[in-house]
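This is the structure I want to talk about, given as structure tokens.
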Amino acid sequence: MIGYVTLGSNDLEKGVKFYDDLIGFMGGKRLFNMDRIYFWAGADGGPMLSLCRPYDEKTATGGNGTMVALAAKSKEDVNKFHAKALELGATDEGAPGARTDNFYGAYCRDLDGNKLCFFIMG
């Protein structure tokens, strides 16, 4: 059902580098870009993640209660993806660990304050 999710950035150059490095580390890649928006996808295709400079020219802000969850294939991947994001300048919002019997996740905020989750079910 979801085709892509867009996050806003106040420094598109830094944000694009962050996601090029993070998504590349996760096995995905940048697919394409236009003047003010960039798109990435995982190796298996599926829904895309995009980063843009807001079209209304106002400051991009991370939504309160808004989060993008990026699927991992193992708990080890969750740990690695979270560590990589922090290495790239993200801020920790929750260390890797079990949240329920069938959900293992880790949380951070990107350079613009957008909340990300890396997770695996099961």
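Looking at (1) touching a residue at least 24 places away in the same chain (Cβ under 8 Å); (2) in a strand (DSSP E or B), which is the only condition residue 19 fails?
So the condition that residue 19 fails would be (2).
While we're here: Collect the residues in the stretch 97-115 that are within 22 Å of residue 11 (Cα to Cα) and part of a strand (DSSP E or B), keeping them in residue-number order.
Initially, the stretch 97-115 is screened for residues within 22 Å of residue 11 (Cα to Cα), giving 107-115.
Passing the criteria: 107, 108, 109, 115.
What number of residues within the stretch 94-112 satisfy the criterion of being out of contact with any helix residue (DSSP H, G or I) (no Cβ under 7 Å at 6 or more places or on another chain) and surrounded by 16 or more Cβ atoms within 10 Å (Cβ to Cβ)?
Going through the stretch 94-112, the residues out of contact with any helix residue (DSSP H, G or I) (no Cβ under 7 Å at 6 or more places or on another chain) turn out to be 94-95, 97-103, 107, 109.
If we keep only those that are surrounded by 16 or more Cβ atoms within 10 Å (Cβ to Cβ) too, we end up with 107, 109.
Summing the residues that are out of contact with any helix residue (DSSP H, G or I) (no Cβ under 7 Å at 6 or more places or on another chain) and surrounded by 16 or more Cβ atoms within 10 Å (Cβ to Cβ) in the stretch 94-112 gives 2.
Now a separate question. May I ask you to verify whether residue 50 is closer than 27 Å to residue 121 by Cα, of a type outside the set (A, V, I, L, M, F, W, C), loosely packed, with under 15 Cβ neighbours inside 10 Å and in contact (Cβ under 8 Å) with a residue 12 or more places away in the chain?
Values: closer than 27 Å to residue 121 by Cα: yes; of a type outside the set (A, V, I, L, M, F, W, C): yes; loosely packed, with under 15 Cβ neighbours inside 10 Å: no; in contact (Cβ under 8 Å) with a residue 12 or more places away in the chain: yes.
No; evaluated as a whole, the condition is false for this residue.
Where a number appears in this text, it was derived from the coordinates with a stated rule and is not lab data. Fair warning: this is a prediction, and the values are worked out from it, not measured in the lab. A quick note on method: Cβ atoms are made from the backbone with ideal geometry, for glycine too, and the neighbour counts reach across all protein chains shown.
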